[in-house]
Amino acid sequence: MKSISYFYLFAVLMLVRFEVQAAAFQQEQEPQETGDIILKPSPRSENAVFKKNEQIVYDLRVENNTNEYTTGHIAYVVTTDDGRKVAVDSIQMAIKGSSTRDYEVKIAPRATGFYRISFIVNSPQYDDTVRRVFGVDPQEIRSQLHKPTDFDAFWTKSREELEKVTPRYRVLERKDLSTDKKRVYAVEMHSFDNVVVRGWLVIPRDGKKFPVHYRVPGYVVTLNPNMDNDDFIAFDLNVRGNGNSKDVINIGTDNYCLLNVEDKNKYVYHGVYMDCIRGLDFLCSHESLGIDTSKIFVEGGSQGGALALVTAALDHRVKLLTMQVPLYADIHDNMAISASYDKQVFPFKVFRRYNSVHPGFTWDKFFSTFDYFDPQNFAPMVKCPVLMGIGLLDQFCPPRCSMALFNHISSDNKEYVCVPNSTHEVNMNYFMFQNLWLREKFRIP
């Protein structure tokens with residue numbers, strides 16, 4: 001067994017990698033809590049997830065950074081994740097200067113779902129609000145599948161069209177990037193519509209066969225050679241329009257998800273999803289490089305989370321799936337939830353702007369295309385073990401939508417992790433758990 005310090009280092013590297021990957025359209029983070037009066041709410045349940053018959057309890061620590069005795073009240077407002085108010089109450093606050101005081105906030109049991117809770121301090125000298133989210137039995141969340149009647153036929157035909165494209169693989173060793181322990185290869189292949197996509201293959205030099213860590217990119221993100229782990233061959237694919245695969249599509253973050261959005265056959269994600277399958281074709285045609293094709297796991301965060309799930313759904317050569325904050329999940333409910341935000345965020349910030357300047361573009365037309373690409377519609381096709389991580393403060397990928405997708409996954413071997421105070425990201429603890437999870441599934445000592 002490797003040392004704990006190894007796991008810690010690996011988790012740190014994974015976390016840094018994911019944060020860079022998510023940076024392409026980073027959600028506005030909550031500012032570091034500073035000020036005269038600071039509220040620090042902590043849910044009295046692991047990962048802010050409660051049972052539906054359980055009272056919701058928060059321990060609320062109040063810090064008074066002034067020298068003055070301060071009185072006032074702390075209100076707390078609970079809403080559904082789409083903004084409907086369900087509970088309002090308050091507690092009296094009285095705290096000496098330069099001190100802390102703990103309060104208990106109790107909320108009646110709620111029905112299955114996710115809820116926003118705002119803690120609002122009000123005193124003659126100070127006003128502030130701290131926002132959190134908690135879940136209630138999220139594994140019981142159910143959502144409607146908006147799956148077109150020809151969904152399966154559409155993707156069967158897409159696979160057939162991909163197979164007609166000769167891959168013309170190119171594998172070039174990059175000695176300038178290689179080390180004494182690993183060889184780095186630049187790879188290239190022809191994909192759907194004969195578009196060339198590229199990626200990176202990193203292979204340990206010790207001559208064994210290795211399982212594969214197949215990584216797909218976040219939204220318009222550049223993936224580089226992954227040198228993080230000695231126990232996996234790392235394959236990082238830049239799908240069309242990402243990283244070093246921008247020959248044909250290079251239109252920036254605001255326009256990428258809009259490219260041909262009114263035509264399902266030409267929509268950018270039609271080719272992107274097939275690029276991910278072509279990446280599997282590459283791996284399975286290059287076993288001679290030491291690739292153990294019986295042990296391929298696919299991973300991604302944000303857009304990459306969606307791509308990873310779709311890849312596992314369409315192709316059972318994938319044996320494990322790990323994803324973080326999967327973008328576009330349950331796109332119908334995402335639209336409804338995002339409408340309640342004070343400030344619009346990706347992706348509906350982009351979709352709504354497009355709608356506003358294209359009079360003939362209706363939401364029915366949008367969904368007539370996007371229903372073919374909503375990751376939730378692929379979820380029932382996933383049979384392999386799955387691990388998902390989500391941030392409860394994520395507005396790009398609302399927790400309800402991520403969990404709806406998760407609950408549609410057919411695999412009977414699936415786990416999820418909620419990170420209470422994260423937005424469009426997870427944390428180091430998640431990646432430490434993911435590493436242990438992967439090693440156990442693939443029986444890596």
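Some values worked out for this structure:
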| read-out | value |
| --- | --- |
| All positions within the range 191-215 that are crowded, with 16+ Cβ neighbours inside 10 Å and of a type in the set (S, T, N, Q) | SER191 |
| Of all residues in the range 149-182 being within 19 Å of ASN224 (Cα to Cα) and of a type in the set (Lys, Arg), the one that is surrounded by the most Cβ atoms within 10 Å (Cβ to Cβ) | LYS182 |
| Single residue of VAL88, VAL78 found to be open to solvent by less than 20 Å² (accessible area, probe 1.4 Å) and assigned to a strand (DSSP E or B) | VAL78 |
| Flag for GLU188 being over 22 Å from ILE409 (Cα atoms), surrounded by fewer than 14 Cβ atoms within 10 Å (Cβ to Cβ) and without any contact (Cβ under 8 Å) to a residue 24 or more places away in the chain | no |
| Check on ALA312, touching a Pro at 6+ places or on another chain (Cβ under 6 Å), open to solvent by less than 10 Å² (accessible area, probe 1.4 Å) and not in a loop (DSSP other than H, G, I, E, B) | no |
| Total residues in the range 379-395, condition open to solvent by less than 10 Å² (accessible area, probe 1.4 Å) and either part of a loop (DSSP other than H, G, I, E, B) or more than 15 Å from VAL298 (Cα to Cα) (or both) | 5 |
| Residue check for ARG159: in contact (Cβ under 8 Å) with a residue 24 or more places away in the chain and closer than 28 Å to PRO347 by Cα | yes |
| Residues of the range 110-129 classified as open to solvent by less than 60 Å² (accessible area, probe 1.4 Å) and part of a loop (DSSP other than H, G, I, E, B), total | 4 |
| Candidates ASN355, ASN260 - the one that is free of Cβ contacts under 8 Å to residues at least 12 places away in the same chain and either on the phi < 0 side of the Ramachandran plot or part of a helix (DSSP H, G or I) (or both) | ASN355 |
| Single condition THR423 does not satisfy, out of (1) part of a helix (DSSP H, G or I); (2) touching an Asp or Glu at 6+ places or on another chain (Cβ under 7 Å) | (1) |
| Any hit, the range 216-230, residues being of a type in the set (Gly, Ala, Ser) and under 22 Å from the mean Cα position of the chain (by Cα) | yes |
| Those residues of the range 205-235 which are without any contact (Cβ under 8 Å) to a residue 60 or more places away in the chain and part of a strand (DSSP E or B), in sequence order | ILE233, ALA234, PHE235 |
| Inter-residue pairs, beta-carbon under 6 Å, first farther than 23 Å from PRO211 by Cβ and among the small types (Gly, Ala, Ser) and in the range 236-253, second modelled with pLDDT of 95 or more and part of a loop (DSSP other than H, G, I, E, B), 6+ apart | GLY241/ILE249; GLY243/THR222; GLY243/LEU223 |
| Residue within the range 167-175 that is free of Cβ contacts under 8 Å to residues at least 60 places away in the same chain, acidic (Asp, Glu) and assigned to a loop (DSSP other than H, G, I, E, B) present | no |
| Lone qualifier among ARG168, ARG131, ARG116, ARG183 - being at pLDDT 95 or above and at positive phi | ARG168 |
| Single condition ASP102 does not satisfy, out of (1) part of a strand (DSSP E or B); (2) open to solvent by less than 50 Å² (accessible area, probe 1.4 Å) | (2) |
| Hits in the range 216-247 - residues which are open to solvent by 10 Å² or more (accessible area, probe 1.4 Å), under 24 Å from LEU438 (Cα atoms) and of a type in the set (D, E, K, R) | ASP228, ASP230, ASP231 |
| Residue check for LYS343: surrounded by fewer than 15 Cβ atoms within 10 Å (Cβ to Cβ), in a loop (DSSP other than H, G, I, E, B) and charged (D, E, K, R) | yes |
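The values are calculated or read from the model by the stated rules, or taken from the named source; none is laboratory data. What you see is a predicted model; the values in this text were computed from it and never measured. When we count neighbours, we look across all protein chains shown, and the Cβ atoms used for this are built from the backbone with ideal geometry, even at glycine. These area figures cover heavy atoms from the full protein model, side chains too; ligands, DNA and RNA do not enter into them. Shrake-Rupley method; radii C 1.70, N 1.55, O 1.52, S 1.80 Å.
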